[in-house]
Amino acid sequence: MFKNLAGMILRFVSVFFAVIFLLFGALAAAECVKYKDYVTFEADVVSAYNAPLSTESTEYYVDISYTYNGVKYTTSQQVMSEYKAGDKIKIRVNPDDPSELAGNVKMLVFLILAGVFGFISLVMGLVSFFIRKIKTA
């Protein structure tokens with residue numbers, strides 16, 4: 001009886017995490033689709049700074065300045081790697097609202113991969129479940 005309960009709990013937890021990964025991946029894919037019409041160009045890094053997240057990792061931020069259709073914009077953005085003032089950085093701008101920048105695309109790709117992992121895990125779990133049912137029938 002305990003073996004069956006432990007197996008059911010393990011299957012539930014596996015499916016739960018697979019669905020969570022799948023959900024994150026689907027949301028990230030939807031976010032990437034939103035950015036498909038954004039325009040890519042370079043902005044100037046005005047200043048760069050680190051915000052310690054923990055003792056082992058650091059989040060990087062930059063203040064950037066860019067001109068779009070003759071209008072100058074200045075904003076802050078979290079980035080994946082370290083920059084310094086004077087560097088150029090590629091950004092993606094919403095042509096309908098140039099003050100709106102695309103999010104961190106590298107992170108979205110990571111989340112999409114997590115979604116693919118979740119989908120594969122879910123399919124493998126379901127196949128395993130049905131194979132087990134067929135063997136016991």
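When you look at residue 112, is it under 25 Å from the mean Cα position of the chain (by Cα) and at pLDDT 85 or above, yes or no?
The answer is no for residue 112.
Considering only residues that are charged (D, E, K, R) and not in a loop (DSSP other than H, G, I, E, B), look in segment 78-95 and name the one that is modelled with the highest pLDDT.
Of everything passing the filter in segment 78-95, 88 is modelled with the highest pLDDT.
Restricting to segment 14-36, give me the number of residues that are among the aromatic types (Phe, Trp, Tyr) and loosely packed, with under 14 Cβ neighbours inside 10 Å.
So the answer is 1.
Considering only segment 96-119, state which residues are assigned to a loop (DSSP other than H, G, I, E, B) and surrounded by 12 or more Cβ atoms within 10 Å (Cβ to Cβ).
Scanning segment 96-119 gives 102, 103, 104.
The values are calculated or read from the model by the stated rules, or taken from the named source; none is laboratory data. These figures come from a predicted structure and were not determined experimentally. Using ideal geometry, Cβ is built from the backbone for each residue, glycine included, and neighbour counts are taken over all protein chains shown.
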